[in-house]
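Engineer: Structure provided below as structure tokens; questions to follow.
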Amino acid sequence: MDGSDPPVNENQDYALRFEDLTVDDDLPLLDRIVRYCRSGIALQRLVHVKMLAETAETVGTKATLSTLVPILDSLVTDQESVIRQHLASQLLPLSIVSMVRNVGVGQKHSVADMLEDKTLPKIYDSEGYKVVTNVIVGHLQTLVMDPDVDVRRSASDTLAGLSLQIRKDDVGTVILPIPLKLSQSQSGNNNNQTAKVKKTREPHQQPTPEEGLTEELRITAANLLAELGGAAENESISRELVTDLILPAVLALCRDPGFRVRRSAAQALPRVLGGTSVDDARNKILPAFTALSKDEVYRVRKSTGECLVDMSRSMMILLKTNDPSNINELRRQTLIPIAENLLADANKFVRHGMMQFLGPFLASFYPFVYSALKTILPGTSESDGSNHSGIVAQFFPHASSMVSRLNSSAAATTSAPTPTLSSIPKPETSLSNELYHTLPPFVHSARASSISLKSVVAHRRKDPPDPEDIQAVLGKLMDHFTGLAKVSTGDDNTDAEMRVYCAYSYPAVVLLLGPENWEGRLKDCLKTLLNPNFRTEEKTEPAIPPLPVKRCLASSLHTVAHVLGPEITATDIMPIFRDHFLNDTDESVRLNMIRNFPTLASLLEGHLRNQYMLQWCETVRGEEVLGAMKRSATNPLVLNWRQRDYVSRSLPDLIIMVDAVFAYKHLWPILKLVLTDSVSLVREDAIWAIPILLKSFSIENILDLEGGASQKAKELWSAGACQEVITWLKETILKLTNGSKGKGSNGKVGNFSQRQLYCQVCTAMALALRFGDGPKDPDDPVMELEAKFSSNLQSRNSRTTIGEFGPYRKLTNGERRHLSRLLMNDILPLALEFKDDRVTNVRLALRKTLLLMPDDVAQLPTFKEAMQSLEEEVETWESFDGMDTSMPPPVPMQPIKGPIGNIEVLQAVGMAFAADDVRDTGPSTPKGVKKKNSKREKKKSGENSQEQGNGMRSETLASI
């Protein structure tokens with residue numbers, strides 16, 4: 001065996017040597033892949049099969065065709081199913097590289113780009129295209145008929161993806177024959193006789209192994225036909241193929257003897273419907289779906305209930321080319337009776353399955369598909385099974401495919417309770433890029449959440465649902481939905497689960513029915529969810545709802561309030577918030593109560609808003625939230641730092657809603673508590689409320705002054721309040737007393753982290769001024785949302801508008817002069833003394849702050865002096881690379897968050913310098929020169945690493 005590789009894919013009857021178990025990393029990439037994909041050790045084959053796609057993209061089209069494609073033959077028939085499964089998943093990117101020349105390393109597009117955007121132009125390689133359509137598709141045909149279900153599923157997904165990458169005209173001749181052949185798979189020689197025998201088999205009888213495999217193949221065919229039919233929704237494949245070939249095959253599977261095949265066909269019908277016509281839907285698809293909803297096997301009937309949402313959604317796709325009134329009428333006449341029958345089914349599993357999807361089914365009657373709203377909301381996506389986050393998950397639980405949730409191969413997604421900006425592409429370069437990334441994400445997220453909710457309300461008013469749809473829902477299905485809040489099945493777990501389903505879909509049903517249908521069943525449903533004993537015949541004490549129900553409603557109550565409007569919110573929603581959520585002991589409920597309160601309060605009028613805000617402040621300062629900080633550190637309540645962090649994040653939005661006196665009396669004490677929190681993240685997030693608080697102390701914002709409303713009284717109050725805040729910041733953060741002066745040069749003003757925090761206060765003030773000037777950046781995702789809202793949903797007489805003023809938004813002239821004066825005269829001078837601070841991290845934080853200052857502040861002589869000193873230090877470090885000195889390697893520590901350029905790297909380097917400064921007790925050394933460590937000079941290896949560290953630091957500093 002010397003000099004030769006072990007046998008390929010054979011049981012080894014020889015003793016493995018150490019050389020056989022090791023991988024030669026010195027081999028070229030292609031040689032390594034070829035050698036170990038043919039290894040006799042399964043683990044080595046598996047590892048290198050997973051590298052096929054990456055390797056193909058690296059080496060390009062020619063090397064893939066000449067080297068990688070020939071090794072696929074042995075892998076397709078590998079004895080290990082896990083290897084065949086991963087091979088099937090690797091064949092799609094490998095095929096793209098093989099047949100498309102403008103893909104790969106050094107090319108215009110990557111494989112990921114092609115998979116994400118199917119419309120990108122492709123330059124096909126004639127030889128590679130022929131290999132893919134003949135050789136690789138042949139391998140996929142073998143894998144899609146594999147006995148292992150995971151292999152078949154992976155190969156089916158690859159075939160569906162490949163159909164979107166090859167030429168549109170070739171789908172019918174290259175891809176489609178495979179599932180059509182599988183759909184006709186029968187065991188035995190006499191297919192008709194076999195079908196008769198199988199038809200007479202009882203549902204509970206197990207099929208023979210041969211019958212089981214052919215049945216599995218027909219199930220695979222149904223799933224693959226569904227994927228191909230769904231691609232016709234976006235014209236990715238021809239609609240004629242769906243009508244002429246795919247639809248007849250799926251309809252034949254609906255009559256299959258095996259109930260599992262019929263169940264898969266039921267799940268395929270909604271996907272196929274989107275690529276057909278209204279006539280096909282009325283005459284072929286809907287009758288077949290109705291027949292399946294009455295199938296003799298309860299599992300098939302249950303599956304139709306689970307797919308009812310997809311069927312309704314797919315019918316709305318036909319609105320692109322048809323009259324909406326005809327589609328809505330057809331949907332009402334067909335799908336609502338099916339839902340009613342399933343809700344009254346004799347089998348409890350069928351009833352419970354329909355109850356689970358009843359809320360999303362009702363929500364599917366809202367005109368969301370192809371509406372302007374879908375293009376505005378963050379987190380939306382056209383593709384099925386994607387992660388619909390935030391507002392989409394709450395109002396449109398039907399937006400993503402229900403079938404994909406039922407498939408075990410589909411990845412489970414979790415939706416956030418509030419909109420996020422994760423799915424909005426962030427600008428790579430823009431005029432305000434630096435400012436945008438310096439603000440914390442929660443500021444942008446809060447702004448996007450507000451726009452999203454207003455977009456939903458404006459769309460509901462501009463394009464309301466079909467009145468006949470609403471009447472049909474109220475007349476036939478509403479009692480079933482509200483009954484979920486008080487369902488009694490005899491099983492407590494099932495009852496609690498049904499109440500959770502009701503609570504999850506409640507915002508979507510409220511959006512569909514609107515505020516005009518709030519009184520009555522909709523209002524009673526919410527109260528019953530929170531109190532199961534609501535309106536019972538016997539007078540009993542209020543019952544405690546299941547905890548998941550209360551958590552779900554706590555995260556969505558603010559969205560329900562926005563849909564219902566200010567009047568209903570004030571009279572009905574806020575009392576519910578006060579009685580059931582405000583003082584709840586559950587941590588998750590309190591967390592949602594804290595972070596969603598600003599959105600609720602924005603709907604209230606001034607007096608009522610102040611009343612509820614006082615109650616909120618009392619709860620926040622109580623023992624369950626901020627009061628827990630005063631107890632022993634061994635108390636578990638001290639660990640509720642996330643609640644305190646959301647208090648910090650909520651303060652900017654709350655401060656702008658109230659007048660200056662109210663903010664001073666009730667919100668400023670809370671801000672002082674979170675600014676002195678033991679958790680650094682809480683303190684850092686609280687910093688961003690300081691400029692908003694000082695802005696509220698501007699003279700024009702003082703409305704309710706007890707000492708009188710004269711201009712002189714306002715000026716005196718404003719000066720005193722601002723001076724109190726600034727003095728507190730200096731005394732608490734920097735530990736300064738009235739008689740002390742700044743001592744930034746010798747580092748005696750607090751510890752270095754406190755001086756950094758003070759620099760962040762200056763940063764927040766600078767950004768408040770910069771954003772107050774109203775920078776217009778079209779690449780800002782939040783501004784993009786605002787522009788879409790204004791152009792699509794906001795009319796001249798619209799009652800829903802987006803305000804210009806808010807946290808880190810436009811300032812009035814008086815507010816800007818007020819903040820600028822405080823920054824230049826009271827806050828910034830002390831920070832400028834940190835230019836000579838002995839800790840490098842403090843100087844770096846100061847430089848970062850100074851770079852963000854507005855132009856008028858940058859003209860100050862003291863500012864220019866400090867900036868010049870810091871720039872000279874940077875130049876010193878740039879020229880330090882060639883000096884022969886020894887310094888210790890960087891100390892690995894967690895970098896402080898810094899959004900500008902390489903600031904995170906610089907701060908990590910600065911931590912090493914700070915560690916040296918702390919250890920250094922002798923006289924200070926000149927800037928840019930560090931003392932040599934005699935112990936480290938004795939180690940040559942240490943010297944080498946130190947010199948490399950010097951070069952890295954100088955190069956990093958030079959990139960500022």
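Engineer: Can you give the FRET efficiency to the nearest 0.05 for Asp24 and Asp169, using r as the Cβ-Cβ distance and R₀ = 60 Å?
Structural biologist: Values: r = 46 Å, r/R0 = 0.76.
So, using R0 = 60 Å, E works out to roughly 0.85.
Engineer: Taking the convex hull of the alpha carbon atoms in segment 20-142, what volume per residue do you get, in Å³?
Structural biologist: Values: hull volume 12.1 nm³, N = 123.
Hull volume normalised by residue count: 99 Å³.
Engineer: Let me ask you something else. From the protein chains alone at 1.4 Å, what is the descending order of accessible area for Ser588, Ser39, largest first? Please report the intermediate quantities before stating the final value.
Structural biologist: On the way: Ser588 40, Ser39 10 Å².
Largest to smallest exposure gives the sequence Ser588, Ser39.
Engineer: I would also like to ask the following. Does segment 113-154 classify as rounded, prolate or oblate by the C-alpha gyration tensor (a ≥ b ≥ c root eigenvalues; a/c under 1.5 gives rounded; else a/b over b/c gives prolate, otherwise oblate)?
Structural biologist: On the way: a/c = 5.51, a/b = 1.57, b/c = 3.50.
Judged from the Cα gyration tensor, segment 113-154 comes out oblate (a/c at least 1.5, b/c at or above a/b).
Engineer: Taking a virtual spin label 7 Å from the Cα of Thr571 along the C-beta vector, which residues in segment 458-479 bring their backbone nitrogen under 17 Å of it?
Structural biologist: None, by backbone N distance to the label point.
Engineer: While we're on this one: Using a 1.4 Å probe on the protein chains only, how many percent of the accessible area of segment 438-529 belongs to carbon and sulfur?
Structural biologist: On the way: 1650 of 3390 Å².
Carbon with sulfur: 49 percent of the solvent-accessible area.
Engineer: Scale the Cα Rg of segment 455-611 by the rule-of-thumb value 2.2 N^0.38 Å and send over the ratio, two decimals.
Structural biologist: Details: Rg = 15.8 Å, N = 157, 2.2 N^0.38 = 15.0 Å.
For segment 455-611, the normalised Cα radius of gyration comes out at 1.05.
Engineer: Using a 1.4 angstrom probe on heavy atoms only, work out the carbon and sulfur share of the accessible area of segment 63-129 in %.
Structural biologist: On the way: 1400 of 2840 Å².
Of all accessible area on segment 63-129, carbon and sulfur atoms account for 49 percent.
Engineer: In square angstrom, what is the accessible area per residue of segment 814-872 with a 1.4 angstrom probe?
Structural biologist: Values: 2270 Å² over 59 residues.
On a per-residue basis, 39 Å².
Engineer: By how many nm would the segment from Ser678 to Ser325 grow when fully extended, if each residue of separation counts as 0.36 nm and the alpha-carbon distance is taken off? All intermediate terms of the calculation are to be shown ahead of the outcome.
Structural biologist: Details: separation 353, 0.36 × 353 = 127.08 nm, distance 6.08 nm.
The Ser678-Ser325 span can extend by a further 121.0 nm.
Engineer: How many percent of the alpha carbon pairs in segment 530-603 exceed a separation of 21 Å? Intermediate results must be reported in sequence, preceding the final value.
Structural biologist: Numbers: 752 of 2701 pairs.
When all Cα pairs of segment 530-603 are counted, 28 percent exceed 21 Å.
Engineer: Which of rounded, prolate or oblate describes segment 568-704 when judged by the alpha-carbon gyration tensor and an a/c cut-off of 1.5? Kindly include the intermediate steps, with their values, before the conclusion.
Structural biologist: Details: a/c = 2.16, a/b = 1.17, b/c = 1.85.
Note, shape of segment 568-704 comes out oblate.
Engineer: Here is a further query. For segment 480-562, what class follows from the C-alpha gyration tensor (a ≥ b ≥ c being the square roots of its eigenvalues): rounded when a/c is under 1.5, otherwise prolate if a/b is larger than b/c, else oblate? Don't skip to the answer; put the middle values down first.
Structural biologist: Numbers: a/c = 1.69, a/b = 1.39, b/c = 1.22.
In terms of gyration-tensor shape, prolate.
Engineer: Right, something else. Semi-axes of segment 212-317's equivalent ellipsoid from the Cα gyration tensor, sqrt of 5 times each eigenvalue, largest first, rounded to whole Å?
Structural biologist: Working: eigenvalues 85, 49, 24 Å².
Working through the eigenvalues yields semi-axes of 21, 16, 11 Å.
Engineer: Another question, if that's okay. From Cα pairs below 8 angstrom and at least 6 apart in sequence, can you work out the relative contact order of segment 503-570, rounded to a whole percent? Provide the component values of the computation, followed by the final result.
Structural biologist: Working: 48 pairs, mean separation 28.5, N = 68.
After rounding, I find 42 percent.
Engineer: Tell me, rounded to the nearest percent, the portion of alpha carbon pairs in segment 49-120 spaced more than 17 Å apart.
Structural biologist: Details: 1018 of 2556 pairs.
Here the long-distance tail beyond 17 Å is 40 percent of all Cα pairs in segment 49-120.
Engineer: Test of understanding: what is the full-extension gain from Lys462 to Ala252, defined as 0.36 nm times their sequence separation minus their Cα-Cα distance? Before the final figure, lay out each step's value.
Structural biologist: Details: separation 210, 0.36 × 210 = 75.60 nm, distance 4.35 nm.
71.3 nm is the gain from fully extending Lys462 to Ala252.
Engineer: Could you tell me the relative contact order of segment 73-183? Use alpha-carbon pairs under 8 Å, at least six residues apart, and round to a whole percent. Provide the component values of the computation, followed by the final result.
Structural biologist: On the way: 108 pairs, mean separation 33.8, N = 111.
Reported relative contact order: 30 percent.
Engineer: Amide H neighbours of Val100 under 5 Å, at least 5 residues apart or on other chains, H built in the peptide plane: list them.
Structural biologist: Asp125
Engineer: What GluC sites (Glu not before Pro) in segment 509-581 are in a loop by DSSP, with at most 14 other Cβ atoms within 10 Å of the Cβ? Don't jump to the answer; show the numbers that get you there.
Structural biologist: Values: sites: Glu516, Glu519, Glu537, Glu538, Glu567; in loops: Glu537, Glu538.
For GluC sites (Glu not before Pro) across segment 509-581 that sit outside H, G, I, E and B with at most 14 neighbouring Cβ atoms in 10 Å, the list reads Glu537, Glu538.
Engineer: Give a quick list of GluC sites (Glu not before Pro) in segment 226-327 that DSSP marks as loop, anything other than H, G, I, E or B, with at most 13 other Cβ atoms within 10 Å. Could the numbers behind the result be given before it?
Structural biologist: Values: sites: Glu227, Glu233, Glu235, Glu240, Glu296, Glu306; in loops: Glu235, Glu296.
Answer in residue order: Glu235, Glu296.
Engineer: While we're here: Report the convex hull volume per residue for segment 247-292, counting only C-alpha atoms, in Å³.
Structural biologist: Dividing the Cα hull volume of segment 247-292 by its residues yields 56 Å³.
Engineer: Can you give the accessible area per residue of segment 528-579, in Å², using a 1.4 Å probe?
Structural biologist: On the way: 2520 Å² over 52 residues.
Using a 1.4 Å probe on heavy atoms only, each residue of segment 528-579 averages 48 Å².
Engineer: Also, I was wondering about something else. Given labels modelled 7 Å from the Cα in the Cβ direction, how far is it in nm from Asn583 to Gln471?
Structural biologist: For the pair Asn583/Gln471, the computed spacing is 4.7 nm.
The values are calculated or read from the model by the stated rules, or taken from the named source; none is laboratory data. Just so it is clear, the model here is predicted, and its values are computed rather than measured. Positions of Cβ are generated from backbone atoms using ideal geometry, with glycine treated the same way; all protein chains shown enter the neighbour counts. Each accessible area value is taken on the protein alone, full model and side chains, heavy atoms only, with ligands, DNA and RNA left out. Shrake-Rupley method; radii C 1.70, N 1.55, O 1.52, S 1.80 Å.
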